[in-house]
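Asks: A single structure is presented below for examination.
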Amino acid sequence: MKIGVMGGTFDPIHNGHLVTSEEARYQFELEKVIFIPSARPPHKREVRRSPFEDRYRMVELALEGNPFLSVSMLEMEREGLSYTIDTLRELHRIHGRDAELFFITGADAILEILTWKDPAEIFAESQLIAATRPGYPLERLKEALPEYNSHGEPSTGRVHAMEIPSLSISSTDIRERVREGKPFRYLVPEPVWAYIVENSFYLER
Ligand code: NAP
């Protein structure tokens, strides 16, 4: 079974994330894509973010009606910091060693992968899909990878760049737009827009 694993903060989830997951499902013939909102990101301990419950709820609202997409609390249920390697190992325990995992996230996040816990192990547990905007300098991505995974296979064959034009939408931009009273309605799915407005999210700096 080929499973996509969408890792991200999703503060908030937006249409660029949804397009990314559907494109990955199509290009890599994935049976399903599981969104895993990160609970306690190890690299962002000082950064303020919305509570996990709200970020999770917005993902849930965004995925409604698409049977191929689901959201998981895995990183919330596990104690301690949310390391990607632990999530991938857990997914292999749940779905079996034969499950082929594809970890999907933004190319800018993957650029930092050498600073993550056990990068060579990550490349052994999973292939990586780096979502980029068109025109992204891909040579930066190649330079940022561990040379080999922990099975001795070259990492370059296990990372795939995927251009997503609608990734010009970003969570940071949406939070700024809300704060500045600018429109953001059609950058996120309608129920997510309503949830943000009803709960007055992102109005404070
Ligand atoms: P980030 O640094 O906030 O995001 C970097 C860029 O990638 C942003 O432009 C972001 O846009 C985009 N992006 C993030 N997730 C995406 C997705 N699923 N699809 C398309 N674009 C995406 O990254 P982050 O959200 O904190 O972390 C990304 C993933 O890497 C998470 O699953 C996190 O747990 C993992 N990670 C693990 C470790 C570790 O194990 N030590 C360390 C760092 C990150 P938006 O802001 O619009 O999403």
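Asks: Residues being of a type in the set (D, E, K, R), within 13 Å of the ligand (Cβ to nearest atom) and open to solvent by 80 Å² or more (accessible area, probe 1.4 Å): count how many of those fall in segment 144-173.
Replies: Qualifying residue count, segment 144-173: 1.
Asks: For residues that are aliphatic (A, V, I, L, M) and crowded, with 20+ Cβ neighbours inside 10 Å, scanning just segment 40-62, find the one that is farthest from Val159 (Cα to Cα).
Replies: Of the residues in segment 40-62, the ones aliphatic (A, V, I, L, M) are 47, 58-59, 61-62.
Retained after the next criterion (residues that are crowded, with 20+ Cβ neighbours inside 10 Å): 58-59, 62.
Working: Met58: 28, Val59: 25, Ala62: 27 Å.
It comes out as Met58.
Asks: Where residues in segment 47-91 are touching a Leu at 6+ places or on another chain (Cβ under 7 Å) and farther than 15 Å from Pro12 by Cβ, which of them is nearest to the ligand (Cβ to nearest atom)?
Replies: Top of the filtered list is Thr87.
Asks: Would you check which residues across segment 122-143 are surrounded by 18 or more Cβ atoms within 10 Å (Cβ to Cβ) and acidic (Asp, Glu) and list them?
Replies: Within segment 122-143, Glu125 is the sole residue that qualifies.
Asks: Looking for something buried (at least 16 other Cβ atoms within 10 Å of the Cβ) and more than 14 Å from the ligand (Cβ to nearest atom) - is there at least one such residue anywhere in segment 3-20?
Replies: yes
Asks: Another question, if that's okay. Listed residues Pro42, Pro37; which is under 17 Å from Phe103 (Cβ atoms), within 13 Å of the ligand (Cβ to nearest atom) and out of contact with any Asp or Glu (no Cβ under 9 Å at 6 or more places or on another chain)?
Replies: Pro42
The values are calculated or read from the model by the stated rules, or taken from the named source; none is laboratory data. Fair warning: this is a prediction, and the values are worked out from it, not measured in the lab. In this analysis, Cβ positions are derived from the backbone assuming ideal geometry, glycine residues included, and neighbour counts consider all displayed protein chains. Calculation scope for accessible area: heavy atoms of the full protein, side chains included, ligands and nucleic acids excluded. Shrake-Rupley method; radii C 1.70, N 1.55, O 1.52, S 1.80 Å.
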